[in-house]
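As structure tokens, the structure follows; a few thoughts come after it.
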Amino acid sequence: MRLLVVGGGGREHALAWTLARSPSVTEVHAAPGNPGIAQVAQCHAVGLGDIGALTDLVAHLGVDLVVIGPEAPLAAGLADALLDRGIAAFGPRKSGARLESSKTFAKQVMEFAGIPTAEARSFETAGQAIEYVEKLGGPVVVKADGLAAGKGVTVCDGLSDARAAILDAMEQRRFGDAGSTVLVEERMTGPELSILAFCDGATVLPLPAAQDFKRSLDDDQGPNTGGMGSYSPVPIATDGVLDQAMDQVLKPVADQLAKMGRTYVGVIYAGLMLTAVGLKVVEFNCRFGDPETQAILPRLQSDLGELMAASTQGSLSGMKVSCSDRACVSVVAASGGYPEADPLPTGFVISGLEAAAQLPGVQIFHAATAERDGELITSGGRVLSVSALGDDIAAARSLAYRALGNISFEGMRYRTDIAERTAREVLSGSTRRR
Ligand code: AMP
Ligand code: GLY
């Protein structure tokens with residue numbers, strides 16, 4: 001099978017790298033790709049925003065399957081454009097991608113399907129949103145309705161925070177049109193986990209759970225980012241929790257979308273919180289998580305190409321996902337100033353990658369890198385995902401940080417506490433590994 005991966009971040013590098021190792025896959029292409037992806041795939045300089053050029057490229061290459069990595073082209077209808085030309089696409093149509101591109105729509109789907117989630121209301125004017133926050137009195141979360149690269153959510157400590165977040169989105173238009181509708185949501189508490197599942201429109205097949213670290217600084221301080229690190233497996237994701245996630249969240253959402261005429265093919269990402277009153281959905285995404293993918297795929301033993309092809313052919317039923325018992329921890333190396341600086345300082349030379357990549361069990365995924373005069377330089381906020389496999393989370397974690405210790409670029413920063421608590425619990429034997 002010949003494939004094209006659309007995208008050029010750390011998630012797409014992990015996808016292309018895994019697909020290149022899949023027995024069913026003979027050739028991997030990427031658009032636009034990045035210098036890391038270029039080591040495992042043939043990259044084509046076509047941007048994500050140009051659906052016409054992407055479909056032309058795919059038709060020209062004659063690939064068997066297109067894997068769409070990021071949410072933006074999905075929300076813009078890339079899968080529709082490909083399917084209309086008879087080309088197989090792994091990723092939902094625009095109508096299914098709405099699960100991520102409108103948080104208001106996602107809430108409606110959850111309400112229809114009886115899926116547990118936080119109470120929320122949508123507003124189109126700041127005044128009404130603020131009035132509602134004042135009436136609620138309790139802690140809230142303010143969310144831009146549309147796509148905001150993981151940064152459109154403000155977890156508020158009090159009324160003045162909430163008011164500022166609402167005005168920021170709706171009056172200052174910090175997220176552009178994505179924030180012209182805002183959701184005010186009850187603030188939940190509890191540990192989070194991400195479950196990513198293949199879906200062929202009817203059958204849902206989960207990958208092992210991962211946990212993502214969304215805040216920019218250690219101890220979950222600082223603003224939300226796209227994700228600063230991840231690990232898998234997750235001890236709190238017991239078999240009981242996974243069964244609940246399947247029965248109460250993933251199967252019902254796939255069924256509900258099909259009922260609404262929005263049959264969903266691709267990955268459904270459920271961001272879940274284990275609250276005191278049970279499992280609740282924090283968000284849905286319409287694609288693989290970034291950086292969860294960089295911690296899940298190094299553990300995958302099944303043929304990823306086969307699972308994706310089966311998803312597009314409606315033949316997932318009866319298939320299995322098998323994974324190594326080893327743990328994986330992935331730490332993001334980011335540019336100084338990420339996520340807030342605008343513009344971000346980039347263009348700095350990255351050194352030490354070869355030494356880091358030589359450590360057995362380490363895999364480095366490029367997220368925002370470019371080449372200049374034969375040197376590798378930074379080109380965005382999240383620059384690299386450094387993933388490491390180990391016999392348990394503690395071993396994987398210490399290897400990931402050892403690898404990071406070799407890497408440097410001006411302004412480089414990373415969280416030092418990715419998977420720390422879980423590693424400590426594993427070492428002290430207070431959780432069983434699953
Ligand atoms: P989202 O982009 O919707 O996943 O939100 C980003 C992060 O904000 C989540 O991973 C949570 O840590 C936090 N968050 C979102 N919604 C809530 C909520 N209702 N209660 C508490 N935290 C939340
Ligand atoms: N890691 C969160 C996301 O992919 O949206």
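The values are calculated or read from the model by the stated rules, or taken from the named source; none is laboratory data. Fair warning: this is a prediction, and the values are worked out from it, not measured in the lab. Note that we place each Cβ from the backbone using ideal geometry, even for glycine, and neighbour counts take in every protein chain shown. Keep in mind that these areas ignore ligands, DNA and RNA; they rest on the heavy atoms of the full protein, side chains included. Shrake-Rupley method; radii C 1.70, N 1.55, O 1.52, S 1.80 Å.
Name the one entry in ASP247, ASP243, ASP218 that is within 16 Å of ligand 1 (Cβ to nearest atom) and open to solvent by 40 Å² or more (accessible area, probe 1.4 Å).
The unique qualifying residue is ASP218.
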Please enumerate the residues belonging to the range 131-154 that are without any contact (Cβ under 8 Å) to a residue 60 or more places away in the chain, outside any loop (DSSP other than H, G, I, E, B) and open to solvent by 20 Å² or more (accessible area, probe 1.4 Å).
GLU131, TYR132, GLU134, LYS135, LEU136
Selection from the range 155-182 of residues that are away from ligand 2 (no atom under 16 Å from the Cβ) and either among the hydroxyl-bearing types (Ser, Thr, Tyr) or not in a helix (DSSP H, G or I) (or both):
CYS156, ASP157, GLY158, SER160, GLU171, GLN172, ARG173, ARG174, SER180, THR181, VAL182
Can you name the number of the only condition in (1) more than 16 Å from ligand 2 (Cβ to nearest atom); (2) assigned to a strand (DSSP E or B); (3) among the aliphatic types (A, V, I, L, M) that LEU307 fails?
(2)
Selection within the range 219-270 - touching a residue at least 24 places away in the same chain (Cβ under 8 Å), on the phi > 0 side of the Ramachandran plot and part of a helix (DSSP H, G or I)
ASP219
Filter result for ALA209 (open to solvent by less than 50 Å² (accessible area, probe 1.4 Å) and in contact with a Pro (Cβ under 8 Å, 6 or more places away or on another chain)):
yes
Go through (1) under 27 Å from ARG372 (Cα atoms); (2) more than 16 Å from ligand 1 (Cβ to nearest atom) one by one and return the number of the condition ARG11 breaks.
(2)
Just to verify a result, which residue in the range 271-280, among those that are part of a strand (DSSP E or B) and out of contact with any Leu (no Cβ under 6 Å at 6 or more places or on another chain), is surrounded by the fewest Cβ atoms within 10 Å (Cβ to Cβ)?
GLY278
Where a residue in the range 386-414 is without any contact (Cβ under 8 Å) to a residue 40 or more places away in the chain and its partner, wherever it lies, is outside any strand (DSSP E or B), with Cβ under 6 Å and at least six apart:
ALA394/ALA423; ALA394/VAL426; ALA394/LEU427
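Are there any strands (runs of 3 or more DSSP E) wholly within the range 343-430 with 2 or more residues that are closer than 19 Å to LEU217 by Cβ and modelled with pLDDT of 95 or more, and if so which? Show your work before the answer.
On the way: elements: 362-366, 369-372, 375-378, 382-390.
Filter on the range 343-430 gives 382-390.
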Residue identified as over 20 Å from VAL282 (Cα atoms) and touching a residue at least 24 places away in the same chain (Cβ under 8 Å) among ARG163, ARG187, ARG173
ARG163
